[in-house]
Every structure is written in structure tokens, then in C-alpha cells.
Amino acid sequence: DVKVTQSSRYLVKRTGEKVFLECVQDMDHENMFWYRQDPGLGLRLIYFSYDVKMKEKGDIPEGYSVSREKKERFSLILESASTNQTSMYLCASNRPVAGGETQYFGPGTRLLVL
Amino acid sequence: AQKITQTQPGMFVQEKEAVTLDCTYDTSDQSYGLFWYKQPSSGEMIFLIYQGSYDEQNATEGRYSLNFQKARKSANLVISASQLGDSAMYFCAMREARKDTGRRALTFGSGTRLQVQP
């Protein structure tokens, strides 16, 4: 079974803090993704990575950066957390094969910025 | 313009009945994929079913089937014989090539909350 893990289920931070969200997958997937989920908006893509050290902006990259130094690990960084970044953050991974390309998700991190 | 539209924010269904969750999409690509995910209150996203744009048959997975109507750009999820454990948020998603880079990524709808009543 594919396993995607995220470093924290719940996180509380203060405005202006630097926040790291870590994601690790154990299936040697090339692609990894970070989404944020807000009520009524579904999941929106922040960044994705298609290889080590390679990244691409998603639909809402402002205020975020990412790092992928190893294939299995993809980090989301909030350089200076703001209250409007309070949200549920979901990491996913998949292999870019023709056909399904099902994304496998981690359990999510609920971030509260005070 | 929204790429994935789920017009039902909430649905109720009686246990053992069938329910249809609506999803319409917008794309100019010929090759794309459609997915349905389930998200229980615990938060994890669970993959349910996939339909490719070139698949001629509607996808089925156990009690889940996808009613794919390409000309109408709709991909409705049908759950037969609903169970209490089906209560969750359901998301429709589309995989298509991004306009800027050509890389493929998923776009999600806003979701439908399904509640199964005993």
C-alpha cells in the first residue's frame, strides 16, 4: 500500500512565524503535490514537484515556497505565516504514468495561525 | 470560469438507497481524466473511481459507478445501496495538462457533503 505521511496533524503558529510542513512518501513516486483545502473551495494546488529539486507553481503559490531535496520528501514552507493561511494542508503523490495517475494523499495538517 | 462544478453542497439519502452526486467539467483537452475522492470526517482523501476521456465504458468499482456523458461534460458518481459509512465529503477532480507548462495536475470541485440516514 502507498503510504504518504505528514509531519503533524494539527499545528498552531503565530503570525510572522516561519512554518515547515513535511511530507514523506514511500512508493518512489516522481510527483508530489501540496494542496490547501478551505470550505466551499475544495482543494487548490499550491505547488507541485515532478522530480528532485524541480518544482512548479500551482494555482495559489503566493506566500508559500517548497523544497524537494530527496525524492521521498516534499516540504511546504510558509516564510511568514499570516492568519489567511489558516487552513487544512494536504500532500499527495503519484507516478506520472499514462492512464489513471491516481494521487495518493496524506492525512492532512490542520494549521491555525493566530 | 470554474473547471469542475459540483452544484450540490449537501445531499441526504436513506440507507440502502442509491444516490447520484453531480459533477460537470470544462476543458478543451481531448485527453483528460476524471476522478472521485471521498473524504470522511477524519480528513484523509480516499480514491474511489477513475474515468479516462477515451474510455467507452462507464467506470465501476463495487458500489460506485461513474455516469460519464462526454458530450454533456458530466461525470456523475452513483453510489448504490448507501451505507452509513458513506457519509462524507465527495470531491470530483479532473486531470488535464496545464496551459503554461503542459504538465498534468488535478483540479478539484468544491465538494458535496453526503449524509446517509438510517
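The values are calculated or read from the model by the stated rules, or taken from the named source; none is laboratory data. This one's a predicted model, so the numbers in the text were calculated from it and none came from an experiment. Here the Cβ is made from the backbone with ideal geometry for all residues, glycine too, and neighbour counts use every protein chain on show.
Inspect the range A:23-30 for any residue being of a type in the set (D, E, K, R), under 17 Å from A:Ser87 (Cβ atoms) and either in contact with a Lys or Arg (Cβ under 8 Å, 6 or more places away or on another chain) or without any contact (Cβ under 8 Å) to a residue 24 or more places away in the chain (or both) and give the result as yes or no. Let's see the steps before the verdict.
Quick first cut of the range A:23-30, residues of a type in the set (D, E, K, R) only: A:26, A:28, A:30.
From the residues that got through so far, the ones that are under 17 Å from A:Ser87 (Cβ atoms) too are none.
Scanning the range A:23-30 turns up no residue that is of a type in the set (D, E, K, R), under 17 Å from A:Ser87 (Cβ atoms) and either in contact with a Lys or Arg (Cβ under 8 Å, 6 or more places away or on another chain) or without any contact (Cβ under 8 Å) to a residue 24 or more places away in the chain (or both).
Condition check ((1) modelled with pLDDT of 95 or more; (2) assigned to a strand (DSSP E or B); (3) surrounded by 15 or more Cβ atoms within 10 Å (Cβ to Cβ); (4) touching a His at 6+ places or on another chain (Cβ under 6 Å)) across all residues:
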{"position": "A:Phe20", "(1), (2), (3), (4)": "yes, yes, no, no"}
{"position": "A:Lys55", "(1), (2), (3), (4)": "no, yes, yes, no"}
{"position": "A:Pro61", "(1), (2), (3), (4)": "yes, no, yes, no"}
{"position": "A:Ser67", "(1), (2), (3), (4)": "yes, yes, yes, no"}
{"position": "A:Ser80", "(1), (2), (3), (4)": "yes, no, no, no"}
* Identify, from the list B:Tyr54, B:Tyr50, the residue that is out of contact with any Cys (no Cβ under 8 Å at 6 or more places or on another chain), closer than 29 Å to A:Cys91 by Cβ and among the aromatic types (Phe, Trp, Tyr). => B:Tyr50
* Where residues in the range A:82-109 are more than 7 Å from chain B (Cβ to nearest Cβ), surrounded by 15 or more Cβ atoms within 10 Å (Cβ to Cβ) and polar (S, T, N, Q), which of them is nearest to A:Arg9 (Cα to Cα)? -> A:Thr109
* How about the range B:66-118: which of its residues are under 27 Å from A:Arg95 (Cβ atoms), more than 10 Å from chain A (Cβ to nearest Cβ), among the aliphatic types (A, V, I, L, M) and under 12 Å from the mean Cα position of the chain (by Cα)? -> B:Leu66, B:Ala75, B:Leu77, B:Met94
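Do any strands (runs of 3 or more DSSP E) lying entirely in the range B:1-65 carry at least 1 residues that are away from chain A (no Cβ under 14 Å) and free of Cβ contacts under 8 Å to residues at least 24 places away in the same chain, and which ones are they?
On the way: elements: B:10-14, B:19-21, B:33-39, B:46-52.
Strands (runs of 3 or more DSSP E) meeting the threshold: none at all.
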* What about A:Gly42, is it at positive phi and away from every other protein chain (no Cβ under 11 Å)? -> no
* To do: Kindly indicate whether A:Ser75 is surrounded by 15 or more Cβ atoms within 10 Å (Cβ to Cβ), in contact with an Asp or Glu (Cβ under 9 Å, 6 or more places away or on another chain), within 14 Å of chain B (Cβ to nearest Cβ) and not aromatic (Phe, Trp, Tyr).
  => no
